[in-house]
Amino acid sequence: MILPILTYGNPILRQKATDVDKDYPGLKELIENMFETMYNAQGAGLAAPQVGLSLKIFVVDATPFRKDEKKLEGFKKVFINPVIVEKQGKEWLFNEGCLSFPEIRENIWRKPVITIKYYDENLISREETHDGIAARIIQHEYDHTEGIVFIDHITPFKRRIIRGKLNSIKKGQVRVDYKTIFPANKQKSFN
Ligand code: NI
């Protein structure tokens with residue numbers, strides 16, 4: 001089932017998410033729905049707060065970046081109760097977007113290598129190190145579970161430049177071809 005995606009201005013995107021209980025009802029279905037919602041919106045990652053659930057869970061499929069990094073073909077993962085335990089290397093810039101910020105793209109500085117502990121979709125504990133674009137997407141989605149969004153990483157100057165665009169999102173005045181809930185009207189749009 002495709003779920004509506006909350007857009008910028010919705011307070012849920014600003015909440016620090018809580019841990020997922022291993023007995024959380026419908027966890028498998030939620031994961032399926034999150035993937036379906038992400039693919040429908042042509043995203044490479046989606047975090048539970050973006051679909052209105054303040055839970056520490058996000059999904060990633062980095063396959064769209066296989067042309068940049070061959071190893072990303074089939075890079076499909078579920079991260080439950082993730083903790084980034086280490087970030088390493090010299091920050092690098094990459095142009096990011098976010099399904100909660102239609103029509104906004106910004107160059108964001110992030111570390112190139114991260115080590116993350118999490119539970120996978122079978123609730124098996126894992127610890128992995130990722131680099132490059134995978135590390136980039138994981139950090140972006142992890143931020144969502146902390147109530148942080150990608151534009152929090154840009155300078156106040158750049159933020160002023162996109163202020164008009166941000167206000168348009170808050171008012172629901174942007175065209176989106178996936179199901180969303182804009183904070184202004186709390187309505188679902190089916191463009
Ligand atoms: Ni995002």
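Just so it is clear, none of the values below were taken in a lab; they were calculated from the coordinates. Remember, it's a predicted structure, so these values are computed and weren't measured experimentally. Methodologically, a virtual Cβ is constructed for each residue, glycine included, from the backbone with ideal geometry; neighbour enumeration extends over all protein chains shown.
General remarks:
- In region 70-150, trypsin sites (Lys or Arg not before Pro) in a DSSP loop with at most 15 other beta-carbon atoms within 10 Å: LYS90
- Mean-position separation - Cα centroids, region 1-59 and region 113-167, in angstrom: 14
- Nearest-0.05 FRET efficiency for GLU146 and ALA184, computed from C-beta distance (R0 25 Å): 0.50
- Vicinal HN-Hα couplings computed from phi for region 93-98 (Karplus, 6.51 cos²θ - 1.76 cosθ + 1.60; Hz; Gly/Pro x): 8, 8, 7, 10, x, 8
- Mean projection of the Cα convex hull over all viewing directions, computed for region 57-131: 5.7 nm².
- Taking other residues whose beta carbon is less than 14 angstrom from the beta carbon of ARG14, and scoring Lys, Arg as +1 and Asp, Glu as -1, yields -1.
- Efficiency of FRET from Cβ geometry, VAL113 and LEU93, R₀ 22 Å, rounded to 0.05: 0.90
- Signed unit charges on C-beta, dipole axis of region 5-189, positive-most listed residue GLN88, GLY164, TYR142: GLY164
- Counting charges near LEU55 (Lys, Arg +1; Asp, Glu -1) among other residues having Cβ under 12 Å from its Cβ returns a value of 0.
- Qualifying GluC sites (Glu not before Pro) in region 76-116, DSSP loop, other Cβ atoms within 10 Å at most 16: GLU91, GLU103
- DSSP-assigned coil residues among GluC sites (Glu not before Pro) in region 26-78, each with at most 16 further Cβ atoms within 10 Å: GLU69, GLU73
- Using just its DSSP H runs of length 4 or more, each adding -39500 (n - 2.57), the chain gives a mean residue ellipticity at 222 nm of -6500 deg cm²/dmol after division by all residues.
- Reference-scaled alpha-carbon Rg (2.2 N^0.38 Å with N residues) for the chain: 0.98
- Simple label model, 7 Å out from Cα along Cβ direction - LYS22 to GLU73, nm: 3.6
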